Structures are given as C-alpha cells and as structure tokens.
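The values are calculated or read from the model by the stated rules, or taken from the named source; none is laboratory data. Treat the numbers as computed from the prediction; the structure is a model and nothing was measured. No Cβ is skipped: glycine too gets one built from the backbone with ideal geometry, and neighbour counts run over all protein chains shown.
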Amino acid sequence: MSENAKKVGAILDKYSHAGRDALIPILQEIQEALGFLSKDAIAQTGKRLGLPASKIYGVATFYNQFRFQPKGRHHITICRGTACHVKGSDKVLDSACSTLKLQPGQTSRDRMFSLETVACMGACGLAPVITINEEFNAKVNPRKIVRLAQDCKEHSTEEKK
Amino acid sequence: MVCVCLRREDAETAWNELDTGITETPKMIGIEADGRAIEAKAGETILTALRREGIHVPTLCHMEGLEPSGACRLCVVEIEGAGGMVPACSYPVADGMKLKTCSTRVLEARKTIVELLLSNHPDDCLYCVRSGKCDLQNLAVDLGVRQRRYQQPRAIRQEMDVSSPSIVRDPSKCILCGRCVRVCEEVQSVSAIDFVGRGSRAQIGPAFGGGLNLSSCINCGQCIVVCPTGALAEKSNVQDVLAALADPEKTVVVQHAPAVSVSLAEEAGLKPGSDIDGRMVAALRRVGFDWVFDTSFTADLTIMEEGSELVERVKTGGVLPMLTSCSPGWIKFVESFYPDFMPNVSTCKSPQQMMGALIKSFFAEREKLDPKNIVSVSIMPCTAKKFECSRPEMSNNYTPDVDYVLTTRELGQLIRMFGLDLSGLEPEAADSPFGERSSAGKIFGASGGVMEAAVRSAHFLLTGKELEELRIQPLRGLNGVKELRANIGGVEIGAAVVSGLGNARNLLDQVRAGRDDLHFIEVMTCPGGCIAGGGQPIGADSDAARLRMKSLYNIDQEAQLRVSHKNPWVIRLYEEYLGKPLGEKSHKLLHTKYCERDVPV
C-alpha cells in the first residue's frame, strides 16, 4: 500500500460510521493531507462510502476548493472577488495563464507552478491581490505577474545550487 | 415433465395483466383542466393525470418510471388561485384543483424556456445526427420559436468525446436535463457519468474529466435513447460499410440480430412491433450485401453450447450459478464491477461473435474466400456490440471476426439513403448455411428469451422428450426480474432472468450474500432485453417496447421449428465442421475469456 493510500485509509477510518453525507469533510481532509484529490484517493473513498467515482468527482468539481492535481512548488492564487475584479484582476489572471501556460486548477509539468482562483481573500484594500505560497502580493498588474514568476524561477534555481 | 411454480414476480407477467399492473383501487378525486372536469388518482402528479386524459404537456427531463426531477420546468401549468406556475411532472393533484395547461402565461413561459435553452445551443440542426427526432428542435417548432432572442457566449470550449467505440458525446448540444445521468445511475447502476462543475461551467462527463473509454461506461447506449438532443449518439459506421460495399475486392456479409426485424419498421415510419424480417433481408440485398445471415441461427448454436456448458457445470460441480454471456454491456459490467463473478459467466461468445467467427472460418473455407477479403457486418439493436467486435479476443490473426456493427438506427439511415421503400419490397429469405433459425433463437431478442430457449432444449437433452407446452409464461414480459423453478427429468433447476443492470446488481449481491438456489441466470443489459436496446429507434416508449416483444412471441407462436436443438443447419454444422458442443473446434471458435478492468467505478 502506498504512502498516500495509507494516509487516506487513516482518514476514512476516522469516519468509519459515517455515510455519504460525510463526503465533503472527508475530501477536505484528504486534500489537507495530500495537497490534492488523487484518482486513487477518490476511488478509495468511493469504495468506503459506496459512491461511484463519477459522483464524487461531480461533487468535488462543484466546489472551487478542491483540486485534482498536486500543488506546484509555487502555488499562486489569484483573487477574483468584486473589488479585485473592478481593479482589473481578470487581466492579471489572463497574464498569469499566458505567462505560466496554465489554466486555473492546473499544475505545470515540472511541478514548478500551480494556479488557482479564489472568490475573495478579504484583502480588498490591496486589490488586485494574489498570493504565492500563501504570501500576499498587493496591487499586482499583468506586468508584475511576469516579474513575480521570473523571481520564483530564479529563487528555485538558487535553491538547487 | 416440467413442474413450473410461479413466484411472486411472475404473477404480473401475463400479457393481459401487463397493461393494468394495478392491484388496489386508488381514491379518485375530481380536478378541472382548462375548464373540463377530469378524474385523477389521489397522490399522482398533475402530469400523469393530464396524460391519461390525452392532454399533452411537453417535458424534457421527465422519465417514465423514475422519480420526477423537475429540472427543465417545461411542464409548467397554472393553478387557479395559486400565485405562480408549478411543474406538472412533480406537483401532486389535489381535490378541486383548477388547472390551466395552455394559458398565454404558460405558453409564454414554455417558449422562453426553450429560447433560453437555445441561447447557447449550436445552430447546426442541418448537420445534426438527431435532426427531425430532436425533442428540443420539435419544441422550438411547436412553440413557434422563429428567431434567436437570447445570445449567450460559450462559457468554455467544449470538445466532442469520440474516445468510446460505441458512443459519441457532444457536450455543446447538451441541455443538462440529466436524463443520461439518471438512466446510467438509477436503471443501470453504472454511474459512468455525472454533472461536473457548477453554474455556467456545468457539464455532463465521466470521472476525472477523461473520455468515456477510460470510464466505467459499459457502452449500453441507454443514454443515447433517453437524450432529448443530439448530445449523445452512436459512433456511426455507415461510411465504413459504404466503403466496403463499393470495394469490388471484398465480399460483404451481413448478419441481423433477432430484435432488429421487429423494430426497424419504426425507422420507416411503420407501426411499432411490425415484423418485417423478409423485407429487411430484401433491403439488405438491394443495398449490396453479398450474403445475408440471421444471427438467430447462432442464437440456436449458443443454446447448444451454453446448454451443454450448464449441464457440464452441474455434473462436474463447476461454478454456479452460471451467468449468460450474450449481452456485451453486461460482460463489461461484470469485468468492471463484479470481477469475482467472471468464472460464473458462460465462456460462450455472444451469437454475434459466434456468427462472426463462423463466417471467417467455416464459411470462408466453404466458399474458398480469404478471410481478409471478407467484410463482416452485423445489424444490432445495440451500441455495446460495436465495442464487443473491437475486443482483441474477438479476432483471429489480427482479423476481427466482425468488422463493423450498425445499429437499427444506422440501418434505417442506410435504407433511406438508398431510397428503398420498406413497405413496398417483396420479402426474401436469408442465405444458407446460416439463414435458417428456430423461433427459440428469435426470442433471444426479448428478456427471458434465452432462458426460455434454454429450458426447451435442456428438457429435451435431459429427458429425451420435447416439452408439451413450449410457451413458458413466467419468463415472459417486461418485468425486470423473473424467476422460474423447474423440475426437469428429476433435476431441480432454479433460474432467474434479469434485465437492466440495476436488477442484475441486486441479484449478484444476493448471490454474494449466500443465496444458493439458482443455477442459471440470464442477464440482459437493457431493460426488457434487446427489443429496448441502445441502438433501437429513438422516441420509443414502453408501449413500443411491449409491441416489439409481443411481435417476437407471435413469431414464436406461429413457427414450425420452435426448439434450437432441432435446427437442421445447426445439426449439420456440428456433423460437418464443429464435431460436438464444447468440442475442440467449438472451444476455439465459439468460446472466449474475460479480463478484469481497471476503471474508476
């Protein structure tokens, strides 16, 4: 049994008496433990709760909080709340997508970057705001995104050295 | 002597009882629809009451026999005194209720709903596979939608899913009514697809966003039959068949399944349940097929092989209960969901694949043809057959036993393309050596038919005498679960017939839990059997299915040859080529093996 399967098994054991109504808390805990919802984890959960994989995938895709690819080394979230939108976060998102060649929810092949959008971070005074590994960056614009991405890459290369 | 005891489920199967199905008289109440007093049963929905009175209320998401979901709102009606409109499909009737089913307000609302559905629907009816049979198109015409009032930009790029060998999905034409999801989950218990995403991004799709080929889809095609638009269709092989017919090097051989001759009529606009076997054979020859064979012949052969296998399992203490293997959707279901039951499944190929194997071996040798120059086509009421013929086990030296499968719908298209008038053709007979069938092979097309044919032959094999009454009523009818206990020549046999994989799942769970009174179980993937298969004409209701089934049993009633073991060509085939049932040659050509499938279930 793989490391991840053991982790998921431990979570499912905690909910051994729960029914399908416990699906969302279970998925949240799995994402907490693995960083994302893997196919195997969904299959394992489905087996335990008696739910088909398509159903669990359907429920999980209903919510923005779940992701199906592991996070990258630099996990970027872009706020798409009202204030950020008014301040141009759509262009920030476009720039991030084209710079990183990613769509929200995806992770780059080299696992360097992952991209996500969120509804509001509660930091509207800093709009448009993004986070990189939970660190806030205020008043970003499309050009700043390119620079921030470059910084992340350089940072990683230095770390390797 | 067969002693047949009726079980609880059997009581309802007799034809005359089938139509009523009501055991106690419900309380009747009076309601009023458009100023006309009508009677309704307490507790039923407005829609049911109105339909019984012949008042047509349009629906898109409603499904006969399943709980209403009330998703599409097309069935809205006004209730006098109540403020808003209510969906007729899910709102119960009440005493003294006054309904307006086609007031201006109702008609406007319905029209707006259709216009909103069309706001992000592609305008390509001309090129759409469902054109003319599309519920959405028909509603737009009926409600007088003559221009685009709302235009919505497409939220996300929606690619067609052509990954499956049987089913093509075009999400851009999907109106999210959820009927495919429900039939897949509630009738077939497969749940290969579900709603994915939310709001304007919502789509129908398999788990993990992959193609259907990677999902637990069993290719049954029930989703196609219930889809109101062109979002789901079979993967068409009409062009491949046309190319083969045009190739002078190729000998094109066709076989047609038992359930096709009683349903093809609907493709030509004739009455459901008309049997046009002879005219269909004539049409197939006109289209250009060189040889026309009847799959019911290999259904007879299946009875010989499968019956012998059952007797051997019973005698040698083999794995029981034995499960039938004619229905390829069911086979994939076992491989994906119940791999522990794979040893229970008969090793017999399906009649289609038996025919395919014989065409490219015995027939090729006899006619001195290179199997590589034979194109073997089959006409099936089924989309899973397209998948079955592509299975690697179903080929010999990389030459598939069956090259192309056309559904009943595709044959209808081919016949129209060639300008043939089915009602005007002179009936013709199928070719020998695989054209002669018993009517036992013909009733394979209805759920319970395989079992009935098997019991007829088993009785002869075990006692040496024919059954006095060949009609075995408890095995007939549209019930999803039918059971039979019979004492044949001193051997106590427990048999069950299930159709619809939800019913199959329940039965397998019972067996898993220790139920051991069953020896032989017939499973058909589609509810009612092949007559209601996923490749059958669109727009058929349960009445049409019932008429198709009745037609098969009428054929049986009037036939001279009613038992598989008396089919002279089957006997000759064993004498000249195969040797004996379960013999070496049979084993090589007519039997197969199964493999566990690693799919998300």
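For the reader, a short list of remarks on this structure follows.
- In segment B:171-178, the condition of being more than 14 Å from chain A (Cβ to nearest Cβ), under 23 Å from the mean Cα position of the chain (by Cα) and assigned to a loop (DSSP other than H, G, I, E, B) is met by at least one residue.
- B:GLY317 buried (at least 18 other Cβ atoms within 10 Å of the Cβ), at pLDDT below 95 and out of contact with any Lys or Arg (no Cβ under 8 Å at 6 or more places or on another chain): no
- Every condition in (1) within 12 Å of another protein chain (Cβ to nearest Cβ); (2) at pLDDT below 95 holds for A:THR107 except the one numbered (1).
Okay, residues lined up against (1) in contact with a helix residue (DSSP H, G or I) (Cβ under 9 Å, 6 or more places away or on another chain); (2) modelled with pLDDT under 95; (3) more than 25 Å from B:SER215 (Cβ to Cβ); (4) not polar (S, T, N, Q):
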| residue | (1), (2), (3), (4) |
| --- | --- |
| B:PHE333 | yes, no, no, yes |
| B:ASP340 | yes, no, no, yes |
| B:VAL345 | yes, no, no, yes |
| B:GLY356 | yes, no, yes, yes |
| B:ILE379 | yes, no, yes, yes |
| B:THR383 | yes, no, no, no |
| B:PHE387 | yes, no, no, yes |
| B:ARG409 | yes, no, no, yes |
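- Boolean, B:THR48 is at pLDDT 90 or above, under 27 Å from the mean Cα position of the chain (by Cα) and in a helix (DSSP H, G or I): yes
- Among the residues making up segment B:266-312, those that are part of a loop (DSSP other than H, G, I, E, B) and buried (at least 18 other Cβ atoms within 10 Å of the Cβ) are B:ALA268, B:PRO272, B:GLY273, B:SER274, B:ASP275, B:ILE276, B:PHE289.
- Filter pass, B:GLU78 being assigned to a loop (DSSP other than H, G, I, E, B) and either in contact (Cβ under 8 Å) with a residue 24 or more places away in the chain or not acidic (Asp, Glu) (or both): no
- The test for being in contact (Cβ under 8 Å) with a residue 40 or more places away in the chain, over 23 Å from the mean Cα position of the chain (by Cα) and in the same structural domain as B:ILE493 (by TED's automatic domain parsing) holds for B:GLU305.
- A single member of B:LEU406, B:LEU411 is of a type outside the set (Gly, Ala, Ser), touching a His at 6+ places or on another chain (Cβ under 9 Å) and within 29 Å of B:GLY480 (Cβ to Cβ), and it is B:LEU411.
- Pairs meeting the criteria (first residue in segment A:28-48 and under 15 Å from B:VAL599 (Cα atoms), second residue part of a helix (DSSP H, G or I) and of a type in the set (Lys, Arg), beta carbons under 8 Å, at least 6 apart or on different chains) are A:GLY46/A:LYS55.
- Any hit, segment B:218-236, residues being within 14 Å of another protein chain (Cβ to nearest Cβ), assigned to a loop (DSSP other than H, G, I, E, B) and either in contact (Cβ under 8 Å) with a residue 40 or more places away in the chain or surrounded by 23 or more Cβ atoms within 10 Å (Cβ to Cβ) (or both): yes
- Boolean, B:SER395 is modelled with pLDDT under 95 and either at positive phi or surrounded by fewer than 24 Cβ atoms within 10 Å (Cβ to Cβ) (or both): yes
- For B:GLU39, the criteria (1) at pLDDT 95 or above; (2) assigned to a strand (DSSP E or B); (3) within 20 Å of B:PRO26 (Cβ to Cβ) hold in every case but one, which is (1).
- B:SER263 passes every criterion in (1) within 22 Å of the chain's Cα centre (by Cα); (2) more than 30 Å from B:PRO371 (Cβ to Cβ); (3) within 14 Å of chain A (Cβ to nearest Cβ) apart from (3).
- For segment B:182-198, filtered to residues that are surrounded by fewer than 19 Cβ atoms within 10 Å (Cβ to Cβ) and at the interface with chain A (Cβ under 7 Å from one of its Cβ atoms), the residue that is farthest from A:PRO104 (Cα to Cα) is B:ARG198.
- Test set (1) touching a residue at least 24 places away in the same chain (Cβ under 8 Å); (2) more than 25 Å from B:VAL570 (Cβ to Cβ); (3) over 15 Å from the mean Cα position of the chain (by Cα) - B:TRP291 fails condition number: (2)
- Scanning segment A:23-81 for residues that are surrounded by 19 or more Cβ atoms within 10 Å (Cβ to Cβ), at the interface with chain B (Cβ under 8 Å from one of its Cβ atoms) and more than 21 Å from A:LYS7 (Cα to Cα) yields A:SER54, A:LYS55, A:GLY58, A:THR61.
- Matching option when the condition is part of a helix (DSSP H, G or I) and within 30 Å of B:THR251 (Cβ to Cβ), among B:LYS315, B:LYS332, B:LYS372, B:LYS368: B:LYS372
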